[in-house]
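Only the coordinates and a few stated rules stand behind these numbers; no lab work does. Everything quoted here is computed from the prediction, not taken from an experiment. Cβ placement follows ideal geometry from the backbone for every residue including glycine, while neighbour counts extend to all protein chains displayed.
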Amino acid sequence: MENPFNPSFGKMPSIFLNRGSLTQRIITELNRDNTPFQTSLIYGQRGSGKTTLMTEVSDQLSQDDKWIIVNLVLDEDLLTSLINQLNNSLISLHLIKDIDLKLSFMGIGVEASVNKQIIDNFQVVFQNILEKLTKKGYKVLLCIDEVHLDPLLEKLASIYQIMIRKNLNVSLLMAGLPENVSEIQNDNVLTFLLRANRIVLNPLDVESIKNSYFHIFKKAGYQIDLETILYMTKQTLGFAYAFQLLGYHVWNEAQNQAKKEITKDTINNVLDTYLSDLNRNVYFKVYSEMSQKEKEFVQAMVKAKTKKVKSKTIGQIMNKNANYIAVYRRKLIDDQIIKPNGYGYVSFLLPYFDKYVEQEMILEDF
């Protein structure tokens, strides 16, 4: 039996943990009129499952003949790609008989001047297509992953807002890191996105992870007791990527064993590899993108040498007042690096991130 876990970024894993039927809720809301989900922002830390959730939603909606899914990459071809995909849909639905290649970009090797023309006239072209589709009862969902502030996104979002006001059937689903989503919502041009529905991907609940691990390994014929399942679950802290990654390594380790039993030793045998992958694939990027003050904050948490740390203790270690600490505390909570853990306390949200910070502190001393 092949390994059912998939820790690769950007791919839909075969094991998709249900987040309280979040996927179905989004789909149900998108099928309603005047729903706050019409414009939604999915945000969460790297590995939290943003791409997986967006893929699940778009895949299920694409099975409905009345939905047209447009997957977009935020690059210089954003607007032309959008028009190109929509024109493809018009052709396949037989809503247009003849295509002007210069406007629809159906030809191979589109000229730069034509690209510029479509960008300059994007609102008119986009509106004409949406009017045709809306008149026939079709709905369009625009999906943009790894979203960040960009002039082309500003242009698309501003015109999208006009399309909404004209009651055209178009919805927008974007996914991105917390800091990028915050930057977009606070942009002067995109203030309307402050009213967009925010879908926060918090850690997965213990029961979902525990039950998934139990059923997957039991189905494969492995013996595993509750204490071992809980120990394995604890190593992930509900982090979606960690769930896939640890499951992947434990599965491979179990396959190499002579007996069909998974114990704490099985899990401990792969912990070093598991942590190495977490550090390389997630934590290196997370830590390197933090500001110096944010790094000093998490370093102070590590120096406190407790699982949960008082904000007052962090202030004493950093030699900063309560107001200063509160600013960075809020920023790190919003960025899903730390979490509140009782009145006045915080702890790390990501599994073993404290070990990575400690390692970086040692390396910085060299």
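General remarks:
- Helix 50-62 and the longest principal axis of the Cα set of the chain meet at an angle near 40°.
- Label selected from (1) 66, 56, 39; (2) 105, 56, 34; (3) 85, 68, 38, the criterion being Cα extents along the principal axes in Å as computed here: (1)
- Principal-axis tilt of helix 292-303 within the chain, Cα atoms, nearest 10 degrees: 30 degrees
- Dipole-positive endmost among Phe5, Thr228, Asn281 within the chain (Cβ charges, Cα centre): Thr228
- Label-zone membership for the range 222-245, site Gln257, 7 angstrom Cα→C-beta point, backbone N under 11 Å: 222-225, 228-229
- Alpha-carbon centroid distance for the pair the range 62-91 / the range 290-366, whole angstrom: 43 Å
- Model label points for Lys355 and Ile91, set 7 angstrom from Cα along the Cα-to-Cβ axis, are 5.3 nm apart.
- Summed over qualifying helices (DSSP H, 4 residues or more, each -39500 (n - 2.57)) and divided by its residue number, the chain shows a 222 nm mean residue ellipticity of -16000 deg cm²/dmol.
- Applying a threshold of 23 Å to the alpha-carbon distances of Lys234/Lys312; Lys135/Lys166; Lys293/Lys320; Lys234/Lys339; Lys210/Lys312; Lys218/Lys264 flags Lys234/Lys312; Lys210/Lys312 as lying beyond it.
- Cα gyration tensor shape of the range 256-354, rounded if a/c is under 1.5, else prolate or oblate by comparing a/b with b/c: prolate
- For Leu363 and Lys305, the FRET efficiency from 1/(1 + (r/R0)^6), where r spans their Cβ atoms and R0 equals 22 Å, is about 0.70.
- Beta bridge orientation in the chain: antiparallel %, DSSP, nearest 5: 20 percent
- Centre-to-centre, using Cα atoms only, the range 207-227 and the range 255-286 are separated by 16 Å.
- Rounded to the nearest 10 degrees, the inclination of helix 322-334 to the longest alpha-carbon principal axis of the chain is 60 degrees.
- Global geometry of the range 186-327, whether rounded, prolate or oblate, following the gyration tensor of its Cα atoms and the 1.5 cut on a/c: prolate
- Cα-centred dipole magnitude for the range 155-307, charges only on beta-carbon of K, R (+1) and D, E (-1), debye, nearest 20: 360 debye
- Amide H partners (placed H, <5 Å) of Leu172, local residues excluded: Thr39, Ser40, Leu142
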